[in-house]
C-alpha cells in the first residue's frame, strides 16, 4: 500500500509543468530505491539477469546522468516502525509469504512465486545482501563517482572519496525504510533525484523541502523519477490493448510552489497537504470510507483557519468534508473549530463529539445510500484514525528521529504479537 494515486492526478492537473519526460538538470545524488527494484518482471528467471536488469543497469544509467553520488538503498528492518506491520498483514492476506528462514540459503533459481517470496522479510534481506555483495565487486575500483550501499547499520562507500552527511554516521539515527533514508542525502550542493514508484516520496519530499527551507533559507532541489501519471484525458495503450508502462520526472519544487498557492489559507501548506494525503490512506493509515482525494480536495476551502498539524483541527476538517458531501440531506450545520485553550485530549473529545453527531445523522438518514451509511466509522475508530495520521505526519517530518508508534496513544494497538489499527479486528 502507498498513498492514493488520486493525489498524483490532482497534482498533475494543477501543476502540469512539474512533470516532464526528461530530466532538465544534472543530479548531484541519485537515490535508487532498492526495495522497489526487488520486484521483478516475469521474464527474469535467473539471478544473473535479476542483478543486471534490476540494479547494475540502473546504477550505470544513474552515473550516466552525471551524478556525483549514486545510492542503492534497502530497508533496514531493525528500524522500520512497528506500525508498518499493519500493511504487511494486509498484503500477506492476498499473497501468502514464502516459507523461508534465516538458516536457509537462496535457491539456485528464482522462486516461481516471486510475489510470495517478497512477503518474507528474511528472504528479501538475503536477496538485498546478494545484490550488495555483487555491487561491491563490480564498482569497488571506480575512478570517478561514489556508489553508496545503504542497507545495514554501516553505510558503505565505493569508488572516489566523498564526505557523507553526518547522519549516515549517527548511531542514534533510526534509518529503516528507504522512504526516509532518501532524505539523508538532501543537500543544496545539487539536485537529489529519487528513483522510485513509491508515492510516499511525494508528501515526504514536500515536508522535508519546506523544513529545510525554513531552517536554512535555502530550498533544496528534489526530483522524482516514477511511473507516468495518466490523466483521464491522455491514457495511452499499446497495440495489444494494454496500458504502456512509461516513466516521467517530477520537479518537487514546482509542486511545492503549487501546494503553497492552493493552500495559502492554511498554516504550513506543505504539512497540511501531507496530512490530507495521509488521512485518505497510506502505509500507516486506513482509507477513509467514501471520502477520497478528489472529494477532499474539492472542499479544501472548507478547511480555512484550521491547522492540520493539530489532531482536533484535522478531525474537524474530516467532519467538514463529510458534511459538505451530505449537507443537502442533513439538517446539521457545518462542524466548528474547537477553542484552543484546553488540553489536546479535551479538544479532541470536543471535535469527536461533533463528528459523532454528524456520523449518527448520516447513519440515520434514509436519503443516503445504505452502503454509505453502513461504512461510516464510529467516533472511536475516527479518533484512532486521526491519531494514526498525526503519527504519520510526525514520521514524515522527523524521519530518522521518529517517535515509536507504540510509545503513546497514536491509534495503534497490539493484538497478540501484531501491531494493528485500534478498533479493527485483524481476523475480520
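Where a number appears in this text, it was derived from the coordinates with a stated rule and is not lab data. Worth saying up front: this structure is predicted, and the values here are computed from it rather than measured. Positions of Cβ are backbone-derived with ideal geometry, glycine not excepted, and every protein chain shown enters the neighbour counts.
Structure summary
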item	result
Label point distance in nm, residue 369-residue 227, each placed 7 Å from Cα along Cα→Cβ	2.6 nm
Identified option (computed P(r) over Cα pairs in 10 Å bins from 0, in percent; candidates (i) 4, 20, 29, 26, 14, 5, 1, 0; (ii) 4, 22, 33, 28, 12, 2, 0; (iii) 4, 17, 20, 16, 13, 10, 9, 7, 3, 1)	(i)
The stretch 314-428, relative contact order [Cα under 8 Å, separation at least 6], %	20 percent
0 to 90° range, to nearest 10: angle between helix 311-326 axis and the chain longest Cα axis	70 degrees
Between 0 and 90°, nearest 10: helix 201-216 axis offset from the chain longest Cα axis	90 degrees
Separation between Cα centres of the stretch 326-385 and the stretch 259-315, rounded to whole Å	16 Å
The stretch 56-142: relative contact order in percent, alpha carbon pairs under 8 Å with at least 6 residues between	24 percent
Sorted by Cβ density within 10 Å, fewest first, the residues 277, 250	250, 277
Mean separation of Cα contacts under 8 Å (6+ apart) over length of the chain, as relative contact order %	18 percent
Cα-based helix-to-principal-axis angle, 379-398 vs the chain, degrees rounded to 10	40 degrees
Cα-Cα separations in the stretch 104-171 greater than 16 Å, expressed as whole percent	58 percent
Order of 142, 382 - criterion: other Cβ atoms within 10 Å of each residue's Cβ, fewest first	142, 382
Along principal axes, Cα extents of the stretch 299-428, largest first, whole Å	45, 38, 24
Footprinting exposure proxy for 377, 396 (fewest neighbouring C-beta atoms within 10 Å first)	377, 396
Peptides 409-421, 203-215 ordered by average Cβ neighbours within 10 Å, highest first	203-215, 409-421
